[in-house]
Amino acid sequence: MITYIGLMSFTEKGIQSVKGTTQRAAEAKEVARKFGANMRDIYWTMGECDIVCVLEAEDEKSLAAFNLATAMKGNIRTKSLRAFTAAEMDKVLAKLP
């Protein structure tokens, strides 16, 4: 599984119904599985992003499909960052001259 960090911000629609955000997150977790992804951890944050989560996906297409399906609901905007464990980063670094 590939690890990603998801950065999410509420849309106007999402902030207007913010009281349902934890329920929507639980539903999104279930939807993620259908796309071959797993929302491992979800955090509501203060600052530039409203929600940060750690996701795992079988491949980039799985994550992209999940992100698009989530965005279609209109409550959040998403950005995804590919994340590397120390062991994975060691493999990347081993390729350097």
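The values are calculated or read from the model by the stated rules, or taken from the named source; none is laboratory data. This is a predicted model, so every value here is computed, not measured. All Cβ positions, even for glycine, are placed from backbone atoms using ideal geometry, and neighbour counts span all protein chains on display. Heads up: the accessible areas ignore ligands, DNA and RNA and are worked out on the full protein's heavy atoms, side chains in. Shrake-Rupley method; radii C 1.70, N 1.55, O 1.52, S 1.80 Å.
Values as computed for the structure displayed
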| quantity | calculated |
| --- | --- |
| Condition met for residue 94 (at pLDDT 95 or above, aliphatic (A, V, I, L, M) and either surrounded by fewer than 14 Cβ atoms within 10 Å (Cβ to Cβ) or under 22 Å from residue 14 (Cα atoms) (or both)) | yes |
| Unmet criterion (only one of (1) open to solvent by 20 Å² or more (accessible area, probe 1.4 Å); (2) within 16 Å of the chain's Cα centre (by Cα)) for residue 37 | (1) |
| Meets criteria (under 24 Å from residue 19 (Cα atoms) and either outside any loop (DSSP other than H, G, I, E, B) or at pLDDT 95 or above (or both)) for residue 81 | no |
| Among residues of the range 49-89, those that are open to solvent by 50 Å² or more (accessible area, probe 1.4 Å), more than 17 Å from residue 3 (Cβ to Cβ) and hydrophobic (A, V, I, L, M, F, W, C), counted | 2 |
